[in-house]
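Data block below; observations after.
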Amino acid sequence: MRSDLRQYRIVPVQTSVLREAAAGYNAPNDRITRQLNNGDLIRLRRGLYVVDSNVSGELISHNLIANHIYGPSYVSMQSALSHYSLIPERVYTTVSSITSRSREFQTPIGLFEYVRVPEETFSVGLRNAMIQDEFSFLIASPEKAISDLVITTAGLRLQSARAAYEYLVEDMRIDIEYYEHWEPDIFLQCAEAGRNRRELRFIYEVIRNG
């Protein structure tokens, strides 16, 4: 029974796929329930599962799972910055951006948070990240991750480029010198949506001037 699940590896799988795979068994739903109770399957949300790493033999990717739980979405904000090693803290909640309503999903492997961002900026600054050269997930570039943070942080007011620098380096603890491939124009593209335009322009100045 475990060997049947290994074919899905680290990719989240829907109930309908599991039922089809169990079509040759009596009571396919009971079989899925047993796999859940045995810990071979992990329930992510209603109708969506991932194979436990002890069965698949591979590490579960929270970022890949985040794209599947709720979407269309992309990994962003602190989670994306952690992916790029731009912040020192380990991030325990996987944060994604979405254009529909914000939601949270508590799962056995962790909390997945989805934060609403302007539809106008959704497709700006996105990348496909690869896992083992086989699986990909959608993630914000560093610039887009910062922009999403700025846009969605209530009450954030940056009055100057100096204040923007302090926000990045002291508040967010982003190592802006560590990363060598900044694309500052992404901040300007996000500013066109009209939210926190001044703050994004100040951050643009900080990143552009190094």
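Every number here is computed from the coordinates shown, using simple stated rules; none is lab data. Small disclaimer: the values here were computed from a predicted structure and weren't measured. For neighbour counting, all protein chains shown are included, and Cβ atoms are generated from backbone atoms with ideal geometry for every residue, glycine included.
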Item to complete: Tell me which label goes with the value of Kirkwood radius over Cα pairs in Å computed from the coordinates here: (i) 18.6; (ii) 17.4; (iii) 19.6.
Response: (i)
Worksheet item: Each residue of segment 122-131 in turn: what ³J(HN,Hα) in whole Hz from Karplus with 6.51, -1.76, 1.60 and θ = phi - 60°, glycine and Pro shown as x?
Response: 4, 8, 7, x, 9, 9, 9, 9, 9, 10
Worksheet item: Cα centroids of segment 119-188 and segment 23-60: how far apart, whole angstrom?
Response: 36 Å
Worksheet, complete the sentence: Taking Lys and Arg as +1 and Asp and Glu as -1, residues besides Leu138 with C-beta under 15 Å from its C-beta add up to +1
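Find out how many positive minus negative residues lie around Glu120, taking Lys and Arg as positive, Asp and Glu as negative, among other residues whose Cβ is under 10 Å from that of Glu120. Don't skip to the end; give the middle numbers.
Details: positive: Arg195; negative: Glu119, Glu192.
My count for the surroundings of Glu120 gives -1.
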Discussion item. Give me a comma-separated list of calculated 3J(HN,Hα) values for segment 88-104, in order, Karplus coefficients 6.51, -1.76, 1.60 applied at θ = phi - 60°, integers in Hz, x for any Gly or Pro.
Written reply: x, 6, 7, 9, 9, 9, 8, 9, 10, 10, 8, 9, 8, 5, 5, 8, 10
Worksheet item: Non-local amide H neighbours of Tyr70 (under 5 Å, H modeled in plane, Pro and chain starts lacking H): which ones?
Response: none
Discussion item. Please check: in the Gaussian network model of the chain (C-alpha springs, under 10 Å), which one of Tyr49, Tyr84, Tyr70 has the largest mean-square fluctuation.
Written reply: Tyr84
Item to complete: For the chain, set up a Gaussian network in which alpha carbons nearer than 10 Å are linked by springs, and say which option among His83, His181, His62 fluctuates the most.
Response: His181
Response to the item:
Karplus ³J(HN,Hα) for segment 74-87 (6.51 cos²θ - 1.76 cosθ + 1.60, θ = phi - 60°; Hz, whole; x = Gly/Pro) runs 9, 5, 8, 6, 4, 5, 5, 4, 5, 4, 8, 6, 8, 10
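Please identify every one of the GluC sites (Glu not before Pro) in segment 104-210 that sits in a loop by DSSP and has no more than 15 other beta carbons within 10 Å of its own beta carbon.
Numbers: sites: Glu104, Glu113, Glu119, Glu120, Glu134, Glu143, Glu166, Glu170, Glu177, Glu180, Glu192, Glu199, Glu205; in loops: Glu134, Glu177, Glu180, Glu192.
Answer in residue order: Glu134, Glu177, Glu180, Glu192.
Quick check for me: using +1 on Lys/Arg Cβ and -1 on Asp/Glu Cβ, what's the dipole size of the chain about its Cα centre, in debye to the nearest 20? If you can, show how the numbers build up before the last one.
Numbers: 23 positive and 26 negative charges, 162 e Å.
Charge dipole, the chain, about its Cα centre: 780 debye, nearest 20.
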Discussion item. Only four residue types carry charge here, +1 at the Cβ of Lys and Arg and -1 at the Cβ of Asp and Glu. Report the dipole size of segment 2-56 about the Cα centre in Debye, rounded to the nearest 20.
Written reply: 120 debye
Fill in: Among Met130, Met77, Met172, residue whose mean-square fluctuation peaks in a GNM of the chain (springs only between Cα atoms under 10 Å)
Met130
